[in-house]
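Below is one structure, written out as structure tokens, with a few remarks after it.
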Amino acid sequence: MNILEVKNLKVHFPVQRGLFSRGHESVKAVDGVSFNIAAGETLGLVGESGCGKSTLGRAIMRLVEPTHGEVFMDGEDITRLNGSALRSRRRKFQMIFQDPFGSLNPRMTIEQIIGEALDIHQLADGSSARQKRIFELLKDVGLDPIYAQRYPHEFSGGQRQRIGIARALAVEPKLIICDEPVSALDVSVQAQIINLLGDLQQKHGIAYLFIAHDLAVVEHISRRVMVMYLGKIVEKADAKNIIRQPQHPYTQALISAVPEVAPDSKRQRIVLPGDVPSPIHPPSGCPFHPRCPMAEGKCKTEVPAFREAAENHFAACHFAGQKIAA
């Protein structure tokens, strides 16, 4: 059963032009994205900075208002909800942010930060039950309850991220959107947080949308992976298949950039020319064609269909499956 279904979601931000300018332009941060997440599943979302990953996550949370499309949570379109109706549904979906310090109120103790969610949704019957629940959540994420009266600045980055996870767990959500939750942490701490998320998923049956730019991290935690480029999903498949047999040239380039342990590896490093095009004026045809080593004439004029290039492996490329020549 799908816990989340996203259909043709678009997020366009209007661009302020000069006083005497005419016409309307917008940044197409998310441009027609569709996918689903099953209950208890982890779906990875990867792509380079500026491709629209975080905006997509925030649009699903309604922290950013979608321009178009539908977001079904447990079969209900939350894009049509506002006010108290939306607030009550937010019990089902929570978010863990990239910056574990900036996302915590520095003037509140850890008990107040976690307890705030319990208070808003009236999930604790009395102060003793509230404190007991907060202590349980701290233990769940590997922190001693004696830390409950401390403030965020008294913790390390990894500990602060654990506090953010405890806050998200407080309302017993069915889905957590993890917006690059380990990118600001040391490598050793990253592994601890990834393992913690996996343990919590097994214990509580939570589904994750795991957003990152590190394919190695995403492969470790995700069952399926989507690759995003310039506001669009260009490839989607099981994590192992995407790593071993990437169908889209952009995915091939991302994988070639992942560091390898073996010093004698013969993997070809693919360096893409140019920069990511402007999301205000995206290229015609395939959005990747200005940087693609395999691009031909039709790539500049025809938008490639998002099709099944291999079994349960989808890609938006006219030449899906072909390898970039050395």
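No lab work stands behind these numbers, since they all come straight from the coordinates. Here the structure is a predicted model, which means the values were calculated and not measured. Reconstructed Cβ throughout: ideal geometry from the backbone, glycine too, with neighbour counts over all protein chains shown.
Here are a few things to note about the model shown:
- Of the GluC sites (Glu not before Pro) found in segment 1-104, those in coil by DSSP whose Cβ has at most 15 other Cβ atoms within 10 Å are GLU25.
- Size descriptor, Kirkwood hydrodynamic radius, that averages inverse alpha-carbon separations across the chain, Å: 21.2
- Cleavage-rule hits, trypsin sites (Lys or Arg not before Pro), segment 21-91, DSSP coil, Cβ neighbours within 10 Å at most 15: ARG22
- Taken along the Cα-to-beta-carbon direction at a fixed 7 Å, the label points for LEU123 and GLN16 span 3.8 nm.
- Our summary gives the chain a relative contact order of 20 percent, counting only alpha carbon pairs under 8 angstrom and 6 or more residues apart.
- Among the trypsin sites (Lys or Arg not before Pro) in segment 97-137, those placed in a DSSP loop whose Cβ has at most 11 other Cβ atoms within 10 Å are ARG107.
- In straight-distance terms, cross-link reach from LYS139 covers every one of the lysines whose alpha-carbon lies under 16 Å from its own, apart from those fewer than eight places away in the same chain; here that gives LYS203.
- Structural size metrics of segment 1-96, computed from C-alpha coordinates, are Rg and Dmax of 15.1, 53 Å.
- Annotation: lysines with alpha-carbon distance below 27 angstrom to LYS232 (same-chain offsets under eight excluded): LYS7, LYS10, LYS28, LYS53, LYS92, LYS174, LYS240, LYS298, LYS300, LYS323.
- With only the Cα atoms considered, segment 200-259 has a convex hull volume of 90 Å³ per residue.
- Principal axis extents of the C-alpha atoms in segment 198-326 (largest first, rounded to whole Å): 51, 36, 30.
- Dividing the convex hull volume of the alpha carbon atoms of segment 109-171 by its residue count gives 66 Å³ per residue.
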